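Chemist: Here it is, the structure in full.
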Amino acid sequence: MKRNFLFNWYQTPRGKLLKELETEYLKRSITVSCQQIVLQIGGLGWEDEFVDCTLYKFYTILDIKKLGSPLARKICARAYNLPLKSDSVDMIIVSHLLEFDTCRFQTMREIERILKPEGIILIVNFNPWSLWVWYQFLWEKKLADSWRGHFISKARVFDWLKLLNFEVTMTTDFFLDEVKSKHGKAMSSAISWAATAYAVKAIKRRYTLIPLTPVPSQAVKLMAINSITPSAHVEKK
């Protein structure tokens, strides 16, 4: 199973701390109405810790192995071929899935297709520059043997989102002692390389081109000054 690295990581002491940080982040970030459609791509098994599926009745988990909270609706399908209508989902959560997806960019295209205009996407990935992640990957044979993925940098995610007309509104870096967030367009941070994982929040923008109607040119009419006839004549005495 490709994501064994992730699930085994969460069982380590530092992984448990990372799980707590990501749980609090996801709990704060699900701000849509409970009547709106929220899709989580890739089951985690501990969704009950950050979402109340009895309240969010349209919270749906898409996972090929049907992983995830038993209280949530399930869809058994591949992420790169989503069986959903275009512009039908209000919010999409992609937590540690793109790193294990061999068709990750096609998955991003599918996400853009099914997400409504002004819909929200949350992406959570490991930081490829984290020494702790690489230590866990290289020295823990049990975790390394199950790894079949690819670490993705934050800059690469930004490029994908920009190409698909998403606007990044917030990034969050998960350090194992704190969480640091940044709003707005200036997302770079001098110490973000030290984070264990990061999250990106973006909004799907759909720009409508307004056709410009050509203005018909009008010929300028010239008039000689001497041809002006005064409206009143003044008599000289």
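The values are calculated or read from the model by the stated rules, or taken from the named source; none is laboratory data. Since the structure is predicted, the reported quantities are computational estimates derived from the model, not experimental observations. All Cβ positions, even for glycine, are placed from backbone atoms using ideal geometry, and neighbour counts span all protein chains on display.
Let's see how each residue does on (1) over 20 Å from Y10 (Cβ atoms); (2) among the small types (G, A, S); (3) touching a residue at least 60 places away in the same chain (Cβ under 8 Å); (4) surrounded by 21 or more Cβ atoms within 10 Å (Cβ to Cβ):
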{"site": "L84", "(1), (2), (3), (4)": "yes, no, no, no"}
{"site": "I92", "(1), (2), (3), (4)": "yes, no, no, yes"}
{"site": "K116", "(1), (2), (3), (4)": "yes, no, yes, no"}
{"site": "P128", "(1), (2), (3), (4)": "no, no, no, no"}
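Chemist: Moving on to the next point. Identify, please: which residue in the stretch 1-31 is surrounded by fewer than 13 Cβ atoms within 10 Å (Cβ to Cβ) and more than 30 Å from D90 (Cα to Cα) and is, among those, nearest to the chain's Cα centre (by Cα)?
Modeler: Checked the stretch 1-31; the qualifying residue nearest to the chain's Cα centre (by Cα) is Q11.
Chemist: OK, next. I'd like to check something: does the stretch 37-47 contain any residue that is without any contact (Cβ under 8 Å) to a residue 40 or more places away in the chain and closer than 28 Å to K162 by Cβ?
Modeler: Of all residues in the stretch 37-47, those without any contact (Cβ under 8 Å) to a residue 40 or more places away in the chain come to 43, 45-47.
Now restrict to residues that are closer than 28 Å to K162 by Cβ: none.
No: the stretch 37-47 contains no residue that is without any contact (Cβ under 8 Å) to a residue 40 or more places away in the chain and closer than 28 Å to K162 by Cβ.
The rows are residues; the columns are (1) of a type in the set (G, A, S); (2) within 20 Å of A202 (Cα to Cα); (3) modelled with pLDDT of 95 or more; (4) touching a strand residue (DSSP E or B) at 6+ places or on another chain (Cβ under 7 Å).
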{"site": "V38", "(1), (2), (3), (4)": "no, yes, yes, yes"}
{"site": "T54", "(1), (2), (3), (4)": "no, no, no, no"}
{"site": "L67", "(1), (2), (3), (4)": "no, no, no, no"}
{"site": "S86", "(1), (2), (3), (4)": "yes, yes, yes, no"}
{"site": "L97", "(1), (2), (3), (4)": "no, yes, no, yes"}
{"site": "F100", "(1), (2), (3), (4)": "no, no, no, no"}
